[in-house]
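Peer 1: Okay, handing you the structure first.
The values are calculated or read from the model by the stated rules, or taken from the named source; none is laboratory data. Fair warning: this is a prediction, and the values are worked out from it, not measured in the lab. Quick reminder, even Gly has a Cβ in these numbers, built from the backbone with ideal geometry, and neighbours come from all protein chains shown.
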Amino acid sequence: MDMTEERRQLTVEEIHELREKLLKRREELWEEVRETLTSRLGPEYRDVIQTVREEEDLAQADLQEDIVIEALKSRKAELEDMAKALWLMDRGEYGKCQGCGRWIRFKRLQARPSAIYCLNCEEKREREGRAAAE
Ligand SMILES: [Zn+2]
């Protein structure tokens, strides 16, 4: 692995590539959420569930709340990161670490396009999160 890969601003093409990747991953996640909801709520809800594309839709769909929460549970953090990443893309600030302000390495973003922190800051946050929980 090339550890010297520089931190630099992303090109327009790179951002486009990462955006496509992110949107595809987000669609996969929502598909999983819809599948979980359908299996828990029954086929009579299928039509309503198929319209769900984001969290606001869930509120509109007026589904049983505990089942919705359960379906989202393990995916909520990633979906929130994705929403933040897309928001940053629209503002032209995507790729910049929200912790230290330096550029996140392209390879890291390719592996996880929803990343909004560089690896250093992410690890630091995890350590602090654990410490705070203790
Ligand atoms: Zn950072």
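Peer 1: Which members of segment 103-130 meet the condition of being assigned to a loop (DSSP other than H, G, I, E, B), among the charged types (D, E, K, R) and closer than 17 Å to Thr11 by Cβ?
Peer 2: Arg105 - this is the single residue of segment 103-130 that is assigned to a loop (DSSP other than H, G, I, E, B), among the charged types (D, E, K, R) and closer than 17 Å to Thr11 by Cβ.
Peer 1: Select from segment 69-84 the residues that are closer than 13 Å to Glu54 by Cα and out of contact with any Lys or Arg (no Cβ under 9 Å at 6 or more places or on another chain) and list them in ascending order.
Peer 2: Leu72, Arg75, Lys76, Glu80
Peer 1: Just checking, which of Ile104, Ile116 is buried (at least 19 other Cβ atoms within 10 Å of the Cβ), more than 12 Å from the chain's Cα centre (by Cα) and within 15 Å of the ligand (Cβ to nearest atom)?
Peer 2: After applying the criteria, what remains is Ile104.
Peer 1: Of the conditions (1) surrounded by 15 or more Cβ atoms within 10 Å (Cβ to Cβ); (2) within 30 Å of Arg8 (Cβ to Cβ), Val68 clears all except one; give me its number.
Peer 2: Failed condition: (2).
Peer 1: What's the number of the condition Leu29 fails, among (1) more than 30 Å from Arg105 (Cβ to Cβ); (2) in contact (Cβ under 8 Å) with a residue 12 or more places away in the chain?
Peer 2: For Leu29, the failing item is (1).
Peer 1: Of the numbered conditions (1) within 16 Å of the ligand (Cβ to nearest atom); (2) farther than 30 Å from Arg8 by Cβ; (3) of a type outside the set (A, V, I, L, M, F, W, C), Ser74 satisfies every one except a single condition; which is it?
Peer 2: Going through the list (1) within 16 Å of the ligand (Cβ to nearest atom); (2) farther than 30 Å from Arg8 by Cβ; (3) of a type outside the set (A, V, I, L, M, F, W, C), Ser74 breaks only (1).
Peer 1: How many residues are farther than 19 Å from Thr11 by Cβ and surrounded by fewer than 17 Cβ atoms within 10 Å (Cβ to Cβ) if we restrict to segment 81-92?
Peer 2: Total satisfying the criteria: 3.
Peer 1: Taking the options Gly95, Gly129, Gly99, name whichever one is over 15 Å from Glu20 (Cα atoms) and either surrounded by 17 or more Cβ atoms within 10 Å (Cβ to Cβ) or more than 11 Å from the ligand (Cβ to nearest atom) (or both).
Peer 2: Gly129
Peer 1: For the structure I just gave you, tell me whether Leu37 is outside any loop (DSSP other than H, G, I, E, B) and either among the aliphatic types (A, V, I, L, M) or touching a Leu at 6+ places or on another chain (Cβ under 6 Å) (or both).
Peer 2: Taking the combined requirement at face value, the residue satisfies it.
Peer 1: Out of curiosity, is Leu22 buried (at least 17 other Cβ atoms within 10 Å of the Cβ), more than 28 Å from Glu6 (Cα to Cα) and either touching a residue at least 24 places away in the same chain (Cβ under 8 Å) or within 16 Å of the ligand (Cβ to nearest atom) (or both)?
Peer 2: So Leu22 fails the test.
Peer 1: Ok, one more. From the residues in segment 4-19 that are assigned to a loop (DSSP other than H, G, I, E, B) and surrounded by fewer than 16 Cβ atoms within 10 Å (Cβ to Cβ), which one is modelled with the highest pLDDT?
Peer 2: Thr11
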